[in-house]
Structures are given as C-alpha cells and as structure tokens.
C-alpha cells in the first residue's frame, strides 16, 4: 500500500488576523504590518511558534476583565472614605502637623484648620516627646511622637465637645 503524502500549507502572515497589507494590492510586493510584533512583515512569511504564543497571550489578556479586583476594591474604599470624610462632622477632620526649627531642635505644630492646637518636640535631655496642648499648662512626656500628637488632639477635642 502506497501512502500518499498530503501536503498541508503552513499558515503565513497573509492568513493571520494581525497582519495588515500596506496597499492591499501588488504594489506593496506582499509587505504589510504585523500588529503582534509591531513591525513590517511579508505576507509569505510562515507562522512561527512565537506568533502562536504571542497571539494566545494577547487573546487571553483580552478575555480577562479590564480591571483588577484589588484595584476595584482600593477605588471603592477610597470613594467610601471620601464620602465619610465629606459627611463627617467631627472636629478631627482637618488635623495637620508641620514643623519648624527652634532652640530646642525641631518643633512640631499640630493644626486644626487655621489654628495651632498644640506643639510637641523631642527633649534633648531624655529623648522623650514633650506635648504642649494650647490652653493647658501641663507639659507631659511621651515615648513616641505619635503619642504626643494624639494627646494634643485629644485635649483639643475635649475642649470643643
């Protein structure tokens, strides 16, 4: 029994959906543009494994949702926080901290809007943080800058409740 060899034509750029002929006629001499590799290609070039892999990757990417669930969650959370902030009636919504140089080193000022509500600085003697809320004659020392700032905000909040 004689087996006949059936010759299958290998796919070429001309058959590829990502290939665009320049002029669509004989004047371009079979040249065109490959959108997969973003370069000039010839219509008679054979399809390679790189072509198949890149096309498969592109199709898989296109079939995925356009946004990442983590990004959607972060955006939703940001919107919720913004809504809560806008609806907030608490006096703590505009608290900011800045700093300036002083004789004691760096002096941190805690602001609510346009008012300074207290200051704190690091003691050169023991390295602890000294908090000075406005309107209070107490100067207490705290182990961290966050603790000193929190005391100032809390003291200010108690005066305005």
Report summary line: Computed from the beta carbon distance with a Förster radius of 25 Å, FRET efficiency for residue 136 and residue 101 to the nearest 0.05 stands at 0.55
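Taking Cα pairs under 8 Å and at least six residues apart, what relative contact order does the range 104-161 come out at, in percent?
Numbers: 98 pairs, mean separation 15.9, N = 58.
Once normalised by length, the contact order is 27 percent.
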**Report entry** Neighbour-count order for 36, 75, fewest beta carbons within 10 angstrom listed first
**Finding:** 75, 36
Query raised in the report: residue 37 versus residue 59, label points 7 Å from Cα toward the beta carbon: distance in nm?
Result: 1.9
Requested in this report: At a temperature of 25 °C and a viscosity of 0.890 mPa s, determine how fast the range 94-159 diffuses translationally according to Stokes-Einstein, using the Kirkwood radius over alpha-carbon pairs as Rh; express D in µm²/s, rounded to the nearest whole number.
Outcome: 210
**Report entry** Chain lengthening between residue 116 and residue 23 when straightened (0.36 nm per residue, less Cα-Cα)
**Finding:** 26.3 nm
Query - Neighbour-count order for 111, 129, fewest beta carbons within 10 angstrom listed first - result: 111, 129
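Any read-out appearing in this document is the output of simple, stated calculations on the displayed coordinates, not a laboratory observation. If you're wondering where the values come from, they're calculated on a predicted model, not measured in any experiment. Backbone-built Cβ (ideal geometry, glycine too); neighbour counts: all protein chains shown.
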